[in-house]
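The values are calculated or read from the model by the stated rules, or taken from the named source; none is laboratory data. Everything quoted here is computed from the prediction, not taken from an experiment. Note that we place each Cβ from the backbone using ideal geometry, even for glycine, and neighbour counts take in every protein chain shown. What goes into the accessible areas is simple: the full protein's heavy atoms, side chains included, and nothing from ligands, DNA or RNA. Shrake-Rupley method; radii C 1.70, N 1.55, O 1.52, S 1.80 Å.
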Amino acid sequence: MDVYEKALELHKQWKGKIGTDVKALVKSKEDLSYAYSPGVAEPCREIAADEDKAYEYTMKANTIAVVSDGSAVLGLGNIGAKAGLPVMEGKAVLFKEFGGVNAVPLVLETQDPDEIIQIVKNIAPTFGGINLEDISSPRCVYIEDKLKEELDIPVFHDDQHGTAIVTVAALINALKLVDKKAEDIKVVISGAGAAGFSCAKLIRDLGVQNIIVCDSRGAINDTMLNSGNPVKAQIAEMFNPENFEGSLKEAIVDADVFVGVSAPDLLDADDIKNMAENPIVFPMANPTPEIDYDLAREAGARVVGTGRSDYPNQINNVLAFPGIFKGALEARAPQITEEMKMAAAKALADFVTDDELSEEYIIPDAFEEGIADAVAEAVKACL
């Protein structure tokens with residue numbers, strides 16, 4: 001039985017990966033009077049007088065919503081709300097197991113961005129934060145931006161920012177190994193969607209000046225400024241300082257770093273050989289990366305990290321999002337800022353000591369103890 005068959009069997013047994021955990025046991029009439037009528041009226045009155053008291057008397061303080069429209073689920077694409085629910089349940093499990101954060105999966109039977117925004121605004125009083133998940137680009141960027149403007153609780157699209165945070169953490173340590181400075185390197189990113197855009201922005205914040213982002217047609221340049229795609233227009237405006245025109249294979253020549261958040265098997269051994277000395281290669285397309293781990297190493301890549309768990313250096317979002325929300329909720333942060341994202345990336349990088357750092361260990365394993373706490377503390381320190 002392979003992993004897919006076993007997972008299917010287990011999901012049938014589980015009938016859902018999460019349930020309701022009751023803290024207020026009701027074993028007597030007295031218990032009932034405290035948990036419900038008449039006693040429940042008192043916290044209601046307190047919250048009516050001061051809405052912030054909801055953080056003291058309800059689940060809001062440590063509960064988020066995992067919201068998706070099912071339009072960009074894993075590597076499965078636009079499979080819809082119900083089919084995306086197992087992933088959202090899984091995300092809720094990871095929030096709880098790794099960060100101690102309660103999460104409720106909410107899949108929406110609409111893919112209209114403005115309708116999604118309105119629904120999330122209407123449910124927001126229940127939650128301390130909103131995690132947007134598996135919503136296609138560029139819609140996800142618009143949705144997140146609008147919600148951040150209109151809500152007073154953290155809104156975080158993990159496919160964008162979780163990927164960027166862990167990528168930058170891995171890059172910080174990889175640069176230590178190859179003895180290069182951020183301001184001196186050339187980075188090529190394959191994938192001009194939300195994840196690629198977020199990676200590019202956080203890598204720029206690290207100090208990298210020469211970043212080229214490529215889509216399936218090649219390097220994004222100023223010809224995309226009026227393309228009608230708001231994400232690609234911003235990429236064209238913010239990156240590719242020399243306005244390079246050409247394919248991914250042409251862009252990667254003399255690059256120090258490759259970051260892939262796109263499609264399988266885009267690169268070969270010659271592409272790695274055409275990179276600068278001691279290249280850093282992060283092909284993260286799942287389940288099949290832009291270039292195979294072993295092939296990249298054999299071709300001369302000094303450091304390779306993928307999204308897969310069966311190779312070293314798994315660049316896995318679970319390293320970031322539980323701690324990000326844990327810290328934001330504990331600090332009652334109204335937003336997750338760029339400063340918090342960089343602080344989280346540096347906390348992850350620092351989790352690997354200089355003595356431990358090697359080509360096969362640039363990023364901690366998801367099951368190492370204390371990761372979420374370290375990220376949470378770094379987030380809280382930004383306030």
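Couple of notes before you dig in:
- Restricting attention to the stretch 228-245 and to residues that are farther than 17 Å from residue 204 by Cβ and open to solvent by 60 Å² or more (accessible area, probe 1.4 Å), the residue that is nearest to the chain's Cα centre (by Cα) turns out to be 230.
- Test: residue 308 is among the basic types (Lys, Arg), touching a Phe, Trp or Tyr at 6+ places or on another chain (Cβ under 8 Å) and without any contact (Cβ under 8 Å) to a residue 24 or more places away in the chain: yes
- Residues (closer than 22 Å to residue 230 by Cβ and among the hydrophobic types (A, V, I, L, M, F, W, C)) located in the stretch 189-210: 189, 192, 194, 195, 197, 199, 200, 202, 203
- Near pairs, Cβ below 7 angstrom, 6+ apart or cross-chain, from the stretch 16-38 (free of Cβ contacts under 8 Å to residues at least 60 places away in the same chain and within 30 Å of residue 82 (Cβ to Cβ)) to any residue that is open to solvent by less than 60 Å² (accessible area, probe 1.4 Å) and outside any loop (DSSP other than H, G, I, E, B): none
- All positions within the stretch 321-340 that are at negative phi and open to solvent by 10 Å² or more (accessible area, probe 1.4 Å): 326, 329, 330, 331, 334, 335, 337, 338, 339
- Those residues of the stretch 1-38 which are farther than 22 Å from residue 102 by Cα, open to solvent by 100 Å² or more (accessible area, probe 1.4 Å) and not in a loop (DSSP other than H, G, I, E, B), in sequence order: 3, 4, 5, 8, 12, 13, 29, 30, 34
- Any hit, the stretch 350-368, residues being small (Gly, Ala, Ser) and either free of Cβ contacts under 8 Å to residues at least 24 places away in the same chain or open to solvent by 10 Å² or more (accessible area, probe 1.4 Å) (or both): yes
- Total residues in the stretch 296-320, condition of a type in the set (Ser, Thr, Tyr) and open to solvent by less than 10 Å² (accessible area, probe 1.4 Å): 1
- Selected residue (criterion: most open to solvent (accessible area, probe 1.4 Å)) from residues of the stretch 84-114 that are within 28 Å of residue 373 (Cα to Cα) and assigned to a loop (DSSP other than H, G, I, E, B): 100
- Considering the stretch 52-67, the residues that are open to solvent by 90 Å² or more (accessible area, probe 1.4 Å) and free of Cβ contacts under 8 Å to residues at least 24 places away in the same chain include one that is nearest to residue 326 (Cα to Cα), namely 56.
- Residues (out of contact with any helix residue (DSSP H, G or I) (no Cβ under 6 Å at 6 or more places or on another chain) and of a type outside the set (S, T, N, Q)) located in the stretch 331-350: 332, 333, 334, 338, 339, 346, 350
- Matching residues, the stretch 47-61, being closer than 21 Å to residue 330 by Cα and either hydrophobic (A, V, I, L, M, F, W, C) or touching a Phe, Trp or Tyr at 6+ places or on another chain (Cβ under 9 Å) (or both): 47, 54, 59, 60, 61
- Taken as a whole, the condition of being aromatic (Phe, Trp, Tyr), open to solvent by less than 60 Å² (accessible area, probe 1.4 Å) and under 24 Å from residue 184 (Cα atoms) does not apply to residue 293.
- Qualifying residue in the stretch 107-125 (condition: in contact (Cβ under 8 Å) with a residue 60 or more places away in the chain and touching a Lys or Arg at 6+ places or on another chain (Cβ under 7 Å)): no
- Condition check for residue 70: on the phi > 0 side of the Ramachandran plot and either exposed (fewer than 13 other Cβ atoms within 10 Å of the Cβ) or aliphatic (A, V, I, L, M) (or both): no
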